[in-house]
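The values are calculated or read from the model by the stated rules, or taken from the named source; none is laboratory data. Bear in mind that the values here come from a model prediction, so they are computed numbers and not experimental data. Note that we place each Cβ from the backbone using ideal geometry, even for glycine, and neighbour counts take in every protein chain shown. Accessible surface is based on the protein model in full, side chains and every heavy atom, while ligands, DNA and RNA are left aside. Shrake-Rupley method; radii C 1.70, N 1.55, O 1.52, S 1.80 Å.
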Amino acid sequence: MEYCDFSVVMSIIRKYVDEGRTMNQVDLLYQVFDSFLADNNASDFVFDNGLVCRWFNGQAKVSPRISGFYIDKKNQKELAKDIELNVIPLLYDSGMATQEIHDVLIQDVTISEKMKKKLCKNYPCKTETDEAKFLAEVLQFSMERNFVRRDAGTKKLMAAG
C-alpha cells in the first residue's frame, strides 16, 4: 500500500513526462506552481534543488508557503489551470498518470471513504480539464495532510500494514 502524499503524486506525474523533454524536478515544479511563483508574495521564493529532491523522495514536507497559498479556493482553481496548461501537455499518457494516482488514492487506507469520494468527483476523467481538476485536488490534499517521512523502515512498516 502506498501513502498518497506529495512525493507519490509528483513521482507518478514525473514518470509520465515525455522522454523527449529534458525536465528535472525543479523544472516540473515551476510548471505546476506557476501561479504561486507569479504571486507578489512569492517574489523571493526560490526552489532549492536539494530540498526539491527531498520533497520528491518524501524526506521533507513541501514548503508551507506553497501549501498555504493553495488553501485559498481561488488559488486551487489556478493550480488546476496551471496543471491543464503547463503539465498535461508534457505527459505522453495523461490518462494513465491520472489512473495511477487514482489507484494510489483509492488503495490508501489512511484516507476516509468520504474524502476519497470528494477527491474523485472529477474521476473518471472525460477531458484534460477533468484530469487537471482531479490532479489539482489530489495534489492539494497531499500537501495538506499529515506528513509522514519516508525511509526504508517506514516503507516496510507501511507495506506490512
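Would you check if there is a residue in the range 125-142 being modelled with pLDDT of 95 or more, under 27 Å from Arg54 (Cβ atoms), among the polar types (S, T, N, Q) and touching a Ser or Thr at 6+ places or on another chain (Cβ under 9 Å)? Looking for residues that are modelled with pLDDT of 95 or more, under 27 Å from Arg54 (Cβ atoms), among the polar types (S, T, N, Q) and touching a Ser or Thr at 6+ places or on another chain (Cβ under 9 Å), one finds at least one in the range 125-142, hence yes.
For the range 36-59, filtered to residues that are of a type outside the set (Ser, Thr, Tyr), on the phi < 0 side of the Ramachandran plot and assigned to a loop (DSSP other than H, G, I, E, B), the residue that is surrounded by the most Cβ atoms within 10 Å (Cβ to Cβ) is Phe47. Restricting attention to the range 65-89, and to residues there that are in a helix (DSSP H, G or I) and acidic (Asp, Glu), which single residue is least open to solvent (accessible area, probe 1.4 Å)? If we take residues in the range 65-89 being in a helix (DSSP H, G or I) and acidic (Asp, Glu), then Asp82 is least open to solvent (accessible area, probe 1.4 Å). Only one entry in Tyr30, Tyr92 is open to solvent by 20 Å² or more (accessible area, probe 1.4 Å) and more than 14 Å from the chain's Cα centre (by Cα), namely Tyr92.
May I ask you to verify whether Arg65 is at negative phi, under 15 Å from the mean Cα position of the chain (by Cα), at pLDDT 95 or above and basic (Lys, Arg)?
Values: at negative phi: yes; under 15 Å from the mean Cα position of the chain (by Cα): no; at pLDDT 95 or above: yes; basic (Lys, Arg): yes.
So Arg65 does not fit the description; no.
For first residues located in the range 105-116 and farther than 15 Å from Met143 by Cα, partners that are open to solvent by 70 Å² or more (accessible area, probe 1.4 Å) and modelled with pLDDT of 95 or more and lie 6+ apart or on another chain with Cβ distances below 9 Å form the pairs Lys116/Ile106. If the condition is being open to solvent by 60 Å² or more (accessible area, probe 1.4 Å), in a helix (DSSP H, G or I) and basic (Lys, Arg), then the range 115-129 contributes Lys117, Lys118.
Any residue at all in the range 151-161 that is on the phi > 0 side of the Ramachandran plot, open to solvent by 70 Å² or more (accessible area, probe 1.4 Å) and touching a residue at least 12 places away in the same chain (Cβ under 8 Å)? Steps first, please.
Narrowing the range 151-161 to residues on the phi > 0 side of the Ramachandran plot: 161.
Add one more test, that the residue is open to solvent by 70 Å² or more (accessible area, probe 1.4 Å), and what stays is 161.
Narrowing further to those that are touching a residue at least 12 places away in the same chain (Cβ under 8 Å): 161.
Looking through the range 151-161, at least one residue is on the phi > 0 side of the Ramachandran plot, open to solvent by 70 Å² or more (accessible area, probe 1.4 Å) and touching a residue at least 12 places away in the same chain (Cβ under 8 Å).
Mind telling me which of the residues Val109, Val62 ends up being in a loop (DSSP other than H, G, I, E, B) and either in contact with a helix residue (DSSP H, G or I) (Cβ under 9 Å, 6 or more places away or on another chain) or closer than 24 Å to Arg21 by Cβ (or both)? Write out each step before concluding.
Values: Val109 fails: either in contact with a helix residue (DSSP H, G or I) (Cβ under 9 Å, 6 or more places away or on another chain) or closer than 24 Å to Arg21 by Cβ (or both).
None of the other options fit; the residue is Val62.
Just so you know, in the range 1-35 the residues that are free of Cβ contacts under 8 Å to residues at least 40 places away in the same chain and part of a helix (DSSP H, G or I) include one that is farthest from Arg145 (Cα to Cα), and it is Asp27.
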